[in-house]
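Each remark here refers to the structure printed beneath this line.
The values are calculated or read from the model by the stated rules, or taken from the named source; none is laboratory data. All values derive from a computational prediction rather than experimental measurement. Cβ coordinates were reconstructed from backbone atoms using ideal geometry, including for glycine residues, and neighbour counts include every protein chain displayed.
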Amino acid sequence: MTRYGPFGKSLSSSFKLVGKFRIKGNHATIPLISNRSLVDFPLSLNSVNVVNRYSSYQTANELKAKALSQMNEQEIFNMLHKMAPEEQSRFLSDLFQEDDHPPYKPKLEPNAILSKSFNYDSHNTSSLIELSDEQEKVIDLIMQGHSVFFTGSAGTGKSILLKTLIQRLLRKYPSYDNVEQVAVCAATGLAALNINGMTLHRFAGIGLGHHDVESLLKRVKANYEAKMRWQSIRVLIIDEISMIDGELFDKIAEIASRIRGKDPKGNPWGGIQLVCCGDFFQLPSVPKPESLDSDVTFCFESKSWKQKIKHHIVLEKVFRQKGDAEFIDMLNEVRFGNVSQETTKKFMELSRPLASDDIEPAQIYSTRNEVDTANNTRLEELEGEEHVFTAVDGGTLNPETDKDRIKALMKGITAPRTLTLKTGAKVMMLKNMDDTLVNGSLGKVVDFIDQETYAVYCSLMTLPRHHHLGFIKKKIKENRRSREYIGLPQIRYTEEDLFDNLAFDYLLGHLSLSPRYFGDSKRAVQVKRLLKKLTITSGNRRFPLVKFDGLDRGCVLVEPESWQVEGKEDKPLVSRTQLPLLLAWAISIHKSQGQTLYKVKVDLKGVFENGQAYVALSRAVNREGLQVLNFDPAKVKANDKVVQFYSKLSNAGTVKS
């Protein structure tokens with residue numbers, strides 16, 4: 001077993017980190033790590049790689065400081081006028097960083113381009129689909145400038161309506177000079193990914209949004225991009241609106257009004273048109289840490305919602321030409337918490353085992369303990385070495401006197417205290433890393449390599465083929481010198497050790513190296529073995545290389561990230577630094593929201609919350625790929641507030657413009 005601190009090797013009392021997040025005890029401070037801020041080792045643990053990294057970090061910060069200084073003197077804007085529009089966009093994207101992104105990160109992932117625009121794919125196939133009369137009625141209302149909330153059960157075409165609507169709004173309000181007039185947002189990263197948008201939190205520039213309005217407003221005004229977004233948009237689209245609580249909704253409304261100025265007609269949100277979509281029968285947002293009340297306020301209960309959203313429309317037509325129509329009817333009964341005996345019998349029949357094939361079913365449970373047990377059992381079945389990553393917790397609270405408060409706040413951090421992984425483990429991303437890799441993305445661990453070795457893989461893209469062998473051999477010698485310098489023993493290995501190189505097999509295609517080696521298998525074998533030797537001889541920390549589903553850019557080296565719960569003065573009350581991953585053969589019902597699973601086993605034994613059963617069961621595409629255990633109609637419940645709210649909604653045919 002290899003046991004790591006978040007920095008690779010086990011931490012000693014002399015291990016020193018310099019950064020933003022302090023921790024009591026022998027460890028002086030805890031920063032955003034993995035080359036995202038300075039990591040300073042005592043001389044006895046130093047290495048050439050660390051020194052080089054520190055130098056790169058200093059250089060990057062100096063360049064950024066100089067650029068910001070020039071901006072204040074208007075030099076940058078004079079220069080921008082001489083640039084082509086696409087160059088302006090690229091320059092500003094590099095210059096202005098989001099608050100939740102660290103100031104420096106080596107660009108080792110050549111295809112990881114962070115897009116900050118709201119551009120939508122105009123070639124989406126939704127434009128070719130004929131909409132129903134009620135869907136067209138919704139679009140007509142919105143195109144006339146009305147603020148609208150539309151909803152509907154499974155199968156009513158909410159997604160296709162939303163995507164078509166986005167296309168039409170972008171045609172009506174096109175971007176000009178790289179300024180967007182339509183903001184496409186969602187409450188979660190997964191939902192944002194599905195509509196080519198960004199999370200509402202990121203758009204608004206509010207971080208987690210836990211502070212009061214004045215604190216959040218100060219943060220937004222200090223964020224150039226967020227402030228410009230608020231000032232330029234005309235329409236704000238929010239998908240998965242049920243995941244935004246009413247208190248936060250009112251905060252964002254106030255921020256919009258304060259940033260944009262009061263609307264002449266007295267409209268809230270600074271005159272922005274709102275389009276909200278979602279299903280309040282699903283799980284609501286999670287209460288914020290330290291909340292005394294476990295019940296959340298729904299958006300439709302908020303003051304700004306009642307002032308702004310005048311049209312509430314429920315889609316009623318179910319499109320039965322595709323999918324399992326009877327299954328949709330069964331889900332609708334679960335949705336309202338009123339399950340008939342006939343439907344109960346049908347769900348009971350789904351307890352049968354799923355057909356065996358190459359696809360391993362996902363597992364959904366209602367409690368964290370059930371999820372952990374299932375994942376640990378599956379992990380033990382894998383062969384290979386365990387890699388254990390232990391988080392570092394910090395913050396300004398005193399662990400002795402504030403123990404209960406720390407425990408409560410830590411519940412709001414999803415990263416585990418200890419994470420055990422093996423090659424082949426199924427994992428879920430826990431953070432929104434960019435527009436394509438988001439919280440909820442699923443993947444598989446391919447291998448474990450250090451960042452320097454990963455950088456070598458990336459360097460091979462630009463090097464001539466005849467330089468590859470010499471380049472790798474040079475890096476191996478540097479590794480050996482570094483090990484000798486810091487007093488680590490040299491690694492002994494056999495020739496057999498060099499043949500198993502999963503990282504090479506995956507990165508070969510990812511880095512577009514394959515064509516270079518076609519017809520030269522001998523050279524490919526040599527490079528593969530040398531890269532494995534490079535990994536073995538490296539004394540640096542190793543992190544999981546993960547292949548995420550549906551990610552065009554191939555494998556991603558997942559490095560530690562930091563979570564924190566801030567106090568009123570933006571100081572972290574608690575923080576945790578850990579890999580942003582969870583084992584994901586089994587996931588909780590909360591984590592499953594937003595997923596579409598073609599083969600899934602749902603265990604409802606521990607269901608305890610309104611909407612849990614509906615969310616879990618509706619992840620399945622049809623009954624053929626769904627196994628249901630411990631179905632109990634008495635535990636299938638809907639929130640009374642939501643039922644009452646939906647009883648007053650209008651269908652599209654009765655709405656007047």
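Please specify each residue of the range 634-654 satisfying the condition of being outside any helix (DSSP H, G or I) and either modelled with pLDDT of 95 or more or of a type outside the set (S, T, N, Q) (or both).
Those that are outside any helix (DSSP H, G or I) and either modelled with pLDDT of 95 or more or of a type outside the set (S, T, N, Q) (or both): VAL636, LYS637, ALA638, LYS648, LEU649.
So for the range 389-396 (the condition being acidic (Asp, Glu) and assigned to a loop (DSSP other than H, G, I, E, B)), does at least one residue qualify?
Scanning the range 389-396, I find no residue that is acidic (Asp, Glu) and assigned to a loop (DSSP other than H, G, I, E, B), so the answer is no.
Which ones in the range 425-453 are charged (D, E, K, R), modelled with pLDDT under 90 and closer than 12 Å to LEU545 by Cα?
Correct list: ASP447, ASP450.
The rows are residues; the columns are (1) assigned to a loop (DSSP other than H, G, I, E, B); (2) among the polar types (S, T, N, Q); (3) in contact (Cβ under 8 Å) with a residue 24 or more places away in the chain; (4) closer than 30 Å to SER257 by Cα.
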position: GLN307; (1), (2), (3), (4): no, yes, yes, yes
position: ILE313; (1), (2), (3), (4): no, no, yes, yes
position: PHE319; (1), (2), (3), (4): yes, no, yes, no
position: GLU360; (1), (2), (3), (4): yes, no, yes, no
position: GLN363; (1), (2), (3), (4): no, yes, yes, no
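Name the residue, out of GLU385, GLU326, that is of a type outside the set (Phe, Trp, Tyr) and either surrounded by fewer than 12 Cβ atoms within 10 Å (Cβ to Cβ) or in a loop (DSSP other than H, G, I, E, B) (or both).
The unique qualifying residue is GLU385.
Of (1) part of a strand (DSSP E or B); (2) small (Gly, Ala, Ser); (3) in contact with a Cys (Cβ under 8 Å, 6 or more places away or on another chain), ALA183 satisfies all except one. Which?
Only one criterion is unmet by ALA183, namely (3).
Out of the residues in the range 551-588 that are more than 17 Å from the chain's Cα centre (by Cα) and of a type in the set (Val, Ile, Thr), which is modelled with the highest pLDDT?
The qualifying residue modelled with the highest pLDDT is VAL574.
Say we look at the range 398-424 and pick out the residues that are at pLDDT 90 or above and in a loop (DSSP other than H, G, I, E, B); which of these is surrounded by the fewest Cβ atoms within 10 Å (Cβ to Cβ)?
The extreme case among them is ARG417.
For a quick check of your reading of the model, give me the residue pairs whose first member lies in the range 242-271 and is part of a loop (DSSP other than H, G, I, E, B), whose second is surrounded by fewer than 21 Cβ atoms within 10 Å (Cβ to Cβ), with beta-carbon atoms closer than 6 Å and at least 6 apart or on different chains.
Pairs that qualify, where the first residue is part of a loop (DSSP other than H, G, I, E, B) and the partner is surrounded by fewer than 21 Cβ atoms within 10 Å (Cβ to Cβ), are ASP263/GLY270; ASP263/GLY271; PRO268/SER304; PRO268/GLN307; PRO268/LYS308.
Considering each of LEU617, LEU649, LEU604 in turn, give the residue that is assigned by TED's automatic domain parsing to the domain that holds ILE139 and either within 16 Å of PHE336 (Cα to Cα) or not β-branched (Val, Ile, Thr) (or both).
Result: LEU649 is the single residue among LEU617, LEU649, LEU604 that is assigned by TED's automatic domain parsing to the domain that holds ILE139 and either within 16 Å of PHE336 (Cα to Cα) or not β-branched (Val, Ile, Thr) (or both).
Could you go through the range 619-631 and let me know if any residue there is more than 25 Å from the chain's Cα centre (by Cα), of a type in the set (D, E, K, R) and closer than 30 Å to GLY207 by Cα. Break it down stepwise before answering.
Residues of the range 619-631 that are more than 25 Å from the chain's Cα centre (by Cα), as a first pass: 622-631.
Adding the requirement that they be of a type in the set (D, E, K, R) leaves 623-624.
Checking the rest, the ones that are also closer than 30 Å to GLY207 by Cα come to none.
Looking for residues that are more than 25 Å from the chain's Cα centre (by Cα), of a type in the set (D, E, K, R) and closer than 30 Å to GLY207 by Cα, one finds none in the range 619-631, hence no.
Which fully enclosed strands (runs of 3 or more DSSP E) of the range 571-612 have 3 or more residues being in contact with a Ser or Thr (Cβ under 7 Å, 6 or more places away or on another chain) and more than 30 Å from LYS403 (Cα to Cα)? Before you say what the answer is, go through the steps one by one.
Details: elements: 572-578, 581-583, 586-588, 600-603.
Qualifying strands (runs of 3 or more DSSP E): none found.
Please identify the pairs in which a residue from the range 195-211 that is outside the structural domain of LYS163 (by TED's automatic domain parsing) has its Cβ atom under 6 Å from the Cβ atom of a residue that is among the aliphatic types (A, V, I, L, M) and in a helix (DSSP H, G or I), counting only partners at least 6 apart or on another chain.
Between residues of the range 195-211 that are outside the structural domain of LYS163 (by TED's automatic domain parsing) and residues that are among the aliphatic types (A, V, I, L, M) and in a helix (DSSP H, G or I), there is no close pair.
Go through the range 329-358 and give me each residue that's touching a Pro at 6+ places or on another chain (Cβ under 7 Å) and part of a loop (DSSP other than H, G, I, E, B).
VAL339, LEU354
Please work out which residue is surrounded by the fewest Cβ atoms within 10 Å (Cβ to Cβ), limiting yourself to the range 131-181 and to residues that are hydroxyl-bearing (Ser, Thr, Tyr) and free of Cβ contacts under 8 Å to residues at least 40 places away in the same chain.
TYR176
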